[in-house]
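Here the structure is laid out as structure tokens; the discussion comes afterwards.
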There are 2 protein chains.
Amino acid sequence: MRIDRTALADLARGAAFLGSGGGGDPYYSLLLGEAELARGETFELVTLDSLADDALVVPCGWIGAPTVSVEKLPSGREALAGLRRLEKELGRKIDAVLPIEIGGGNGLAPLMSAARLGVPVVDADGMGRAFPESQMAIFNIHGLSACPSVLTAACGSLNVIETDDNLVHERVARALSVALGGIAHMVEYPLTGAQAKAHAIGGSVSAAIAAGAAIREAREKGEDPFEALYAALAASGLYPFAGGLFDGKIVDLERETRGGFSVGRVAIEGFAGAGRMELEFQNENLIARRDGAVVALVPDLITVMDLETADSITTERLKYGQRVKVVGAAAPAMLREARALTFVGPAAFGFGEAYRPIETLNGWDKG
Amino acid sequence: MRIDRTALADLARGAAFLGSGGGGDPYYSLLLGEAELARGETFELVTLDSLADDALVVPCGWIGAPTVSVEKLPSGREALAGLRRLEKELGRKIDAVLPIEIGGGNGLAPLMSAARLGVPVVDADGMGRAFPESQMAIFNIHGLSACPSVLTAACGSLNVIETDDNLVHERVARALSVALGGIAHMVEYPLTGAQAKAHAIGGSVSAAIAAGAAIREAREKGEDPFEALYAALAASGLYPFAGGLFDGKIVDLERETRGGFSVGRVAIEGFAGAGRMELEFQNENLIARRDGAVVALVPDLITVMDLETADSITTERLKYGQRVKVVGAAAPAMLREARALTFVGPAAFGFGEAYRPIETLNGWDKG
């Protein structure tokens with residue numbers, strides 16, 4: 001499938017939602033992608049099934065604090081330099097690229113990287129959303145190695161990382177991203193085609209496109225974009241439940257860039273005194289409490305959206321006074337398995353609350 | 001020249017002095033070296049002149065806070081893994097190794113690394129003493145690139161760094177050393193034989209051995225080890241002036257590990273009310289003030305020595321109550337050139353004082 005200008009914008013819109021507040025602002029990636037299309041570049045999306053078992057399939061994306069990504073421009077050479085270097089490391093050509101995370105700008109960026117390299121993008125990703133740390137990828141959860149990985153920065157610095165400990169890999173990559181200006185491109189978890197088929201979260205790129213298209217089409221028809229989004233997510237099969245968690249106005253916001261992350265919390269007051277919602281985030285929104293009661297927990301998705309336009313608002317774009325709807329969605333099933341929850345469940349982020357599915361917490365599974 | 005057990009201990013003693021308080025405690029390297037000799041290993045020292053112009057000559061050593069180096073043991077595989085990886089990067093065998101800095105443990109460690117690789121150590125180094133940062137090497141001062149460099153850590157993590165900016169290289173390497181536990185091995189500034197001859201500080205390994213031997217022999221003969229040290233340093237041609245700056249007892253000490261460095265200051269009170277000396281250090285001692293007046297400035301050497309034994313005391317071994325002699329020595333001429341002072345002079349460490357030679361400040365040049 002060719003991704004055209006409309007699909008690219010839909011992907012940006014859908015990836016912004018799936019970012020759960022993180023993954024980097026997709027707006028910049030969208031502009032870059034549109035410029036590439038205008039120059040005659042093509043973005044080719046292929047299914048996991050189409051990959052040869054011995055293909056070399058490479059997840060990639062940007063690492064760093066989203067607050068930096070909206071202020072510091074890339075050089076444009078990072079991704080290709082990293083991919084070429086990985087080819088040199090492994091002594092063979094890369095056959096396809098996939099997003100390490102479908103959420104936010106990282107859902108789009110690999111399109112440009114793949115086009116530069118002349119290979120397709122796989123309709124799959126490594127997180128089914130966005131997460132702040134590298135070891136939260138499903139490939140680590142399933143025991144695959146992140147290395148060799150290649151981290152490249154706008155200044156031209158290139159770093160090859162080799163370690164058999166994916167937590168050390170994350171620590172090293174994070175330290176590098178901070179040392180190199182807060183944001184860097186990473187090529188990691190090189191996979192065989194067979195590994196990609198067994199472990200990647202398949203269909204997430206097309207799910208993001210469908211989610212974005214649903215919002216666009218509802219707007220065009222004057223229908224409710226939120227209801228259209230929920231239906232599209234459920235229809236994708238990846239995100240079986242979705243719904244609104246809270247409507248209100250942002251009345252309090254704490255946010256700082258710490259250790260390479262955007263960390264903070266936001267409070268939203270309901271209209272006409274209808275309660276209060278509080279979210280905590282580390283790049284991504286991690287927990288939602290309504291009047292003190294937990295209504296959504298990582299790895300389920302929590303995205304703050306503009307109440308009028310249904311545009312997703314990343315954590316670095318949150319502002320006092322915004323009128324918003326907080327939307328939640330069930331995470332892909334792979335992220336809810338017991339082993340996955342040790343890496344991406346509430347405890348992995350320091351929360352004491354045990355994971356409970358968003359559909360249970362909100363009664364969405366009772367019809 | 002073969003370095004035997006006596007020469008190895010002399011090198012440790014001399015390198016400790018040339019470390020100017022830093023470079024890592026040589027004691028651990030000495031124990032390792034003695035164990036290698038006992039196993040039948042040989043340490044071969046060759047002159048710069050003996051190198052072929054197209055030889056591949058590789059400086060190496062440890063990076064990190066000395067306070068960590070005395071607490072965290074290496075795995076023993078770091079150096080060889082890094083050297084082998086550099087060979088892979090450059091597609092050729094390494095012909096010889098040299099210490100990136102002659103000061104402290106880093107003056108000895110390359111002997112073991114070279115022996116593992118089966119190549120000799122060159123009688124030369126990249127700093128003529130020890131400095132806390134990678135870009136303070138004479139190779140950077142003379143415009144050579146630090147990259148490709150390879151950083152390896154005890155956990156098995158290996159990182160190849162490529163950047164054409166040696167300051168970025170230092171920042172990246174420092175961040176990696178912190179992320180990997182505070183200490184790591186680095187192979188950097190790969191040189192041709194011709195470059196080594198043109199830029200390395202030649203004769204510094206044998207100067208360190210001679211300095212250590214002078215102290216040992218004076219002790220054996222019941223002579224003044226300090227006078228013997230000053231004479232040996234002057235005789236080496238590299239350190240033309242040396243002498244005592246102050247005798248006293250340590251009465252105050254501030255030291256913390258910050259940003260990957262040991263940073264602090266020490267105050268020494270003269271005996272019988274004979275004034276006060278204060279030193280400031282960042283891994284290495286950088287400035288000495290006697291009763292408020294500057295008497296020695298980086299890049300000249302400032303080493304705190306035990307008043308009775310003439311053992312050098314690294315900054316991480318300083319303790320309240322130690323009875324010490326502060327000894328200074330003129331830095332090698334290459335470090336005093338105008339371009340060098342921009343990298344290793346007082347201003348490079350944030351001091352407002354302009355550099356003045358230690359022999360001028362203390363009247364040693366007036367005979």
Along the principal axes of its C-alpha atoms, what lengths does the stretch A:40-131 span, in descending order and rounded to whole Å? 39, 29, 27
Proxy reagent accessibility, fewest Cβ within 10 Å first, across B:Arg339, A:Arg219: B:Arg339, A:Arg219
Most to least packed among B:319-330, A:186-197 [average Cβ atoms within 10 Å]: A:186-197, B:319-330
Using only the Cα atoms of the stretch A:88-176, build the gyration tensor, take square roots of its eigenvalues as a ≥ b ≥ c, and label the shape rounded, prolate or oblate: rounded if a/c is under 1.5, else prolate if a/b is larger than b/c, else oblate. rounded
Summing -39500 (n - 2.57) over the DSSP H runs of n ≥ 4 in chain B and dividing by its residue number, what mean residue ellipticity at 222 nm do you reach, to the nearest 500 deg cm²/dmol? -9500 deg cm²/dmol
If you fit an axis through the alpha-carbon atoms of helix A:225-236 and take the longest principal axis of the Cα set of chain A, what angle between them do you get, 0 to 90°, nearest 10? 50
If the label for A:Glu223 sits 7 angstrom from Cα along the Cα-to-Cβ line, what are its distances to the same label in every other copy, in nm to one decimal, shortest first? 9.9
Normalised per residue, the volume of the convex hull around the Cα set of the stretch A:112-266 (Å³): 166
Given label points at 7 Å from Cα along Cα→Cβ, what nm distances, shortest first, separate A:Gly363 from the same residue in every other copy? 9.4
Taking Rh as the Kirkwood radius, which is the inverse of the mean 1/r over Cα pairs, what is the Rg/Rh value for chain B? 0.95
Within a 10 angstrom radius of each residue's Cβ in B:144-152, how many Cβ atoms of other chains show up on average? Whole number is fine. 1
Using just the C-alpha positions of the stretch A:104-146 as equal point scatterers, what log10 of I(q)/I(0) does the Debye formula give at each q in 0.14, 0.21, 0.22, 0.27 1/Å? -0.38, -0.78, -0.83, -1.00
According to a simple spin-label model (label point 7 Å from Cα along Cα-to-Cβ), what is the distance in nm between A:Arg336 and A:Thr6? 3.3
Compare A:Gly273, A:Gly22, A:Gly244 in a GNM of chain A, Cα atoms joined below 10 Å, and give the one with the largest fluctuation. A:Gly273
Averaged over peptide A:176-189, how many Cβ atoms belonging to another chain are found within 10 Å of each residue's Cβ? 2
With N set to the residue count of the protein assembly as shown, report its C-alpha Rg divided by 2.2 N^0.38 Å to two decimal places. 1.11
Where the label is 7 Å out from Cα toward Cβ, how close does A:Asp54 come to the same position in every other copy, in nm, shortest first? 3.8
Please compute the average number of Cβ atoms from other chains found within 10 Å of each residue's Cβ in peptide A:154-164. 6
For the stretch A:240-366, just say rounded, prolate or oblate: build the C-alpha gyration tensor, square-root its eigenvalues into a ≥ b ≥ c, call rounded for a/c under 1.5, and beyond that prolate if a/b exceeds b/c, oblate if not. oblate
Within straight-line cross-link reach of B:Lys197, lysines at Cα separation under 25 Å, skipping those fewer than 8 residues along the same chain: B:Lys88, B:Lys93
Three-way shape label, the stretch A:5-61, alpha-carbon gyration tensor, a/c 1.5: oblate
0 to 90° range, to nearest 10: angle between helix A:204-221 axis and chain A longest Cα axis: 50
Under the Kirkwood approximation applied to all pairs of distinct alpha-carbon atoms, what is the hydrodynamic radius of the stretch B:5-202 in Å? 16.1
Build a GNM of chain A with springs between Cα atoms under 10 Å: which of A:Ala179, A:Ala331, A:Ala213 gets the top mean-square fluctuation? A:Ala179
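We did not get these values from a lab; they are worked out from the coordinates using the rules stated. From a predicted model like this one, the values you see are computed outputs, not experimental measurements. Counting neighbours? That spans all protein chains shown, and the Cβs are built from the backbone with ideal geometry, glycine included.
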